[in-house]
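The structure appears right after this line, and notes come after that.
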Amino acid sequence: MKSALAGTLERARSTFDTVSLGQKVVIGLLLAGLTLGGVFFVTWITTPTQAPLFSNLAAADASAIVDELNAQGVAYELADGGGTIMVAKDAVYDLRLAMSGKGLPAGQDTGYALLDEQGITTSEFQQQVTYQRALEGELANTLKALAGVNSAVVHVALPEDEVFVTDQAEPTASVLLDLTPGTTLSGEQIQAVTNLVSSSIQDMDPDQVTVADSTGQVLSAAGTGVTAAAGDARSQVEQEYENRLSASAQKILDSVVGPGRSVVSVRADVDLSERSTTSKTYTFDEEVPPISEQTTVEEYTGGGAPVGGILGPENMPDAAGIAGGESTYNKESTTANNAVGETTEVVQGAPGELNRLTVSVVMDDAVAGNLNQQQMTQLMVTAVGLDEARGDDITVASLPFDATAAENAAAAMEAAREAEANEQMWSMIRTGGIAAGIALVVLIVWLRSRRQVEDEEDYEPLELDDDMLAELDRLRVASTREEVAVDNAAMELEAAERAKVRGEISAMVSERPDEVAAMLRGWLSENKS
């Protein structure tokens, strides 16, 4: 086994000795590159994937967890300014259980967990304050679940219940949001915050919630709703309506004059006021019989003339008239209670009524000169739904367009495309050159190795007698020595014999030069080693 291994190593060493210096350098670089790539690959494979152990940690909790990880010898990384701790993915759950067993992260008891700490000696005031704190903590935890919110602080003002008070005070709330850098809440998101808070507290109106961010910017003020800092709801509605109408008109113009040859601007005045109207209507149907009816009849019969008129001296009857006449009195009255129909109508006006619409259309004079302006105006009126009775207005004009910016943009895009194409071409050339160089080096090494193998296969050992081998061996040994001891007497005695041997060697070199050269190369390789 050892002899076979030694023979293999000897053949490898002999083969390597026959390689030139440049080939040795190339082979060394290839081996170094393969070794370095293998090291990087093994490092990448063996490096564990990181996953967050805890996120949004307070400074005290992060410090305690880091100390515990250091004590256990666990590798970790800090992210998000120290608020997130990253550990190996396969150890996340075990470490979380271990940290929980040690009470980490400690944090603070918030939410309804505060109600568990009450005892039988807790006063009514303490109960009210604890309930309020628990409610604030639960709302804060809920708001932290929103995207872009790091933390939230909620303060609630709950009025005391009064028995003999008619008008109760309304509850109010204030919310402070700590947003992630670069995050801006839209009007709908702020409205969601106010609705979440108001819906969680009894008898609270969404208008009684104040929302602000950590920079001190008021996002929603009590009594005013969402402020302009977070986006005016009116502006959003108007902008969406204007964009929809502009897109409809622009689509028609692009089909007629071509893209980039026209501009449409729409201005909409939208009324977002909410109105409620209540009206009552009474109806009577004569065919319906009355609910109740009452008739009263009075009759009087007697002598003398009836007395009537205004009481006074000029209307006093004389005695003769009273004594001499007869009178009759009849009176009949009917009271009927008829069924009357009552209709109550409540109309709730939805916000978003359009007060006025103005449209401006500009077309490039180069392509719109031959168009019928009246026809184009009518198309725009139909496209945006213009109503002249409402006071809407439209203006259509043809003006020369400045195409300098478009031409510069097109030239810049073309230059960018050419630069990208050139970069791709040179990248392909570099990659191809490197690949061709590596292939050429491999081919050269393979050809050299194959030629050497063929030479070794074609080599036939020389048939030399013992005298010739001894002489050649003496010459090889003598060529490796720096100083040779000269014995004139011995040389003279052996001159004749050496002359004979040299003659035979010369004849052999003349007849079989390749075999002799191969033998000499082998000797030189052994001498170098």
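The values are calculated or read from the model by the stated rules, or taken from the named source; none is laboratory data. These numbers were taken from a predicted model, which means no experiment stands behind them. Cβ placement follows ideal geometry from the backbone for every residue including glycine, while neighbour counts extend to all protein chains displayed. For the accessible areas, the whole protein counts, side chains as well, though only heavy atoms, and no ligand, DNA or RNA atoms are used. Shrake-Rupley method; radii C 1.70, N 1.55, O 1.52, S 1.80 Å.
Computed values, structure above
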read-out	value
Where labels lie 7 Å past Cα in the beta-carbon direction, separation of Glu188 and Ser427 in nm	3.8 nm
Extension reserve of the Ala409-Ser510 stretch, reckoned as 0.36 nm per residue once the Cα distance is removed	28.2 nm
Positive minus negative residues near Trp426 (Lys, Arg vs Asp, Glu; Cβ under 14 Å)	-2
FRET efficiency, 1/(1 + (r/R0)^6) with R0 56 Å, evaluated for Met519 and Glu420 via beta carbons	0.35
Two-site FRET efficiency, Phe125 against Asp205, from Cβ-Cβ distance with R₀ of 35 Å, rounded to 0.05	0.85
Amide N of region 267-299 lying under 20 Å from the label point, which is placed 7 angstrom from the Cα of Asn337 along Cα→Cβ	282-297
Accessible solvent surface per residue of region 176-219, calculated while the other protein chains remain in place, 1.4 angstrom probe, Å²	53 Å²
Net charge over other residues, Cβ less than 15 angstrom from the Cβ of Pro400 (K, R count +1; D, E count -1)	-3
Virtual spin-label span in nm between Phe284 and Asp178, 7 Å along Cα→Cβ	7.4 nm
Area of Tyr241 that stays accessible when all protein chains are in place (1.4 Å probe, Å², to 10)	60 Å²
Two-site label geometry, Val218 and Ala147: point separation in nm, points 7 Å out along Cα→Cβ	2.9 nm
Nearest-0.05 FRET efficiency for Ala32 and Glu77, computed from C-beta distance (R0 25 Å)	0.20
